[in-house]
1. Considering only residues of the range 174-216 that are open to solvent by 50 Å² or more (accessible area, probe 1.4 Å) and closer than 21 Å to THR30 by Cβ, which is modelled with the highest pLDDT?
2. When residues of the range 455-473 are filtered for being in contact with a helix residue (DSSP H, G or I) (Cβ under 8 Å, 6 or more places away or on another chain), within 24 Å of GLN398 (Cα to Cα) and not in a strand (DSSP E or B), how many remain?
3. Only one of GLU395, GLU368, GLU405, GLU344 is part of a strand (DSSP E or B) and over 14 Å from PHE477 (Cα atoms); which?
Amino acid sequence: MENNKITGVITMMVVGGLLLVLFIGRWLQTEFNTAKLELNKDIFEQFIDAKTRLTDTLIAKNLIQPILDDTAGFKIETYAKKGVNGDGDSVQIITSTAFGDTAPNLIEVKGLPHGVEQESFNLEFSTDSSDILFQSVKMFITEVNKNETKRGFFTEIITAEDTTQLQSFFSANLANNNISVKPVWVAGRAEKMFPPPMFYYESHILQSPYGVEIQEYNGYLIKALLPEIIFSLLLIGVITLAFIFSYRNIRNQMRLAVLKDDLISNISHELKTPVATVKVAIEALQHMNPQQQQEKMTNYLGMAAQEISRLDLLVNKVMNSILLDNGKQVFQSEPIVLKNIIDEAILGMQMQVQQKGGVIQFLLGNVEGNIVGDSLHIKGVIFNLIENSLKYSNEQPQINIQLAEEKGKIIVTIADNGPGIPEAYTQKIFEKFFRVPSGNKHNIKGYGLGLYYAAQVMQQSGGSISVANNLTKGCTFTLVFPQA
């Protein structure tokens, strides 16, 4: 059931994450296409500007400058259009001896109206004569282009260096606008592509088609979209971390819910045993004759007292674990003789050891074990370790307890001949609610608080607890206390 819930949560998170990635991917694709169109527009404008600069340069170099250099100057000739109904419009054109006889003939060929009368007069030069001349020539070219293409007009004035100049103008425009792409120039391209390449621009003012194809523009677009990409990655990262955190939190909550149910069930069984024992003992005592069955009554009273102590220890474990989790102090420090604490714990567990046919050996040298701590809780730790050794033993339990002193530390070791603890769990057994998987030992009751409680007590006492498996069988718990 738990696995099904976790699988459902994982599935929902994965589907949600994929939908988010698809949405962000679609958004980035839209932004990329928009940026691509904008880049195409910008490059096209720069190409048109380069063509315009080339046109102006050719006009200045091949038309304007020869006229300005002509010592005879130039004339503006006015051609008046006369029609049937009277005077019409007039057209002004520029003539110069710089072109010999070709310029007037050329102009006349370019489509002046038939029947135009010519009136000529000289123009006096001024400081801005070159600007007037430049604008006039451009107006003339515009008039000529109505009947003939630019390429036809410039055939006579284009040189081989003009393509290089167009490349230079275009590259300068790209650099000035921080457009870092790779232009590849193509001359005399005859084939027609449909649809035409998006980043191909062609000029027809030269003698043959001459264009430029833009390559390696994806890097420029990605750089332009870098803020959007970083935002998307951060968003995906944050959502992924939130999913992982939520998943772990849900998994832990579900695990704690299972452990809580297991804890309640185990505590219920643990409470039933001493309560039932005490109840039976009291009922038996009620039917006994104190004078005739005094020895049996004493045994029953001892049994009831032992179960009450066991019940008290169980309640203390649960309550103290809750208090420790809430940061409350539950320990009363006082001078303690560990030897006496261990003797009391062994005596309290002696009946259970005998019932399982086991034996407890307490090996003591000249060490008393003087420490400072809470005698009740330290006794509970030792009692809990002995009880675990009895609980998990498959055969006659043999428990060896040693008390020693080493470098200002009091060391207590409790070794048994049980099945030991898998290495993967030697650190986890001190976690709250954790229980080592017991295989087929389903009858072993516990609530996952004993060793957690022991670790908390040792920490509060300024000591430590650890466990290691024996070479042959069983394991050894080691308690280390600071010497008083």
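1. Result: MET198.
2. 1
3. Of GLU395, GLU368, GLU405, GLU344, the one residue that is part of a strand (DSSP E or B) and over 14 Å from PHE477 (Cα atoms) is GLU405.
Yes or no, residue by residue, for (1) at pLDDT 90 or above; (2) aliphatic (A, V, I, L, M); (3) open to solvent by 80 Å² or more (accessible area, probe 1.4 Å):
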site: LEU225; (1), (2), (3): yes, yes, no
site: THR240; (1), (2), (3): no, no, no
site: TYR247; (1), (2), (3): no, no, no
site: LEU256; (1), (2), (3): no, yes, no
site: LEU259; (1), (2), (3): no, yes, no
site: ASN266; (1), (2), (3): no, no, no
site: LYS272; (1), (2), (3): no, no, yes
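The values are calculated or read from the model by the stated rules, or taken from the named source; none is laboratory data. For clarity, every value in this text was computed on a predicted model and none was experimentally measured. FYI the Cβ positions are ideal-geometry reconstructions off the backbone, even for glycines, and counts take in every protein chain you see. Accessible surface is based on the protein model in full, side chains and every heavy atom, while ligands, DNA and RNA are left aside. Shrake-Rupley method; radii C 1.70, N 1.55, O 1.52, S 1.80 Å.
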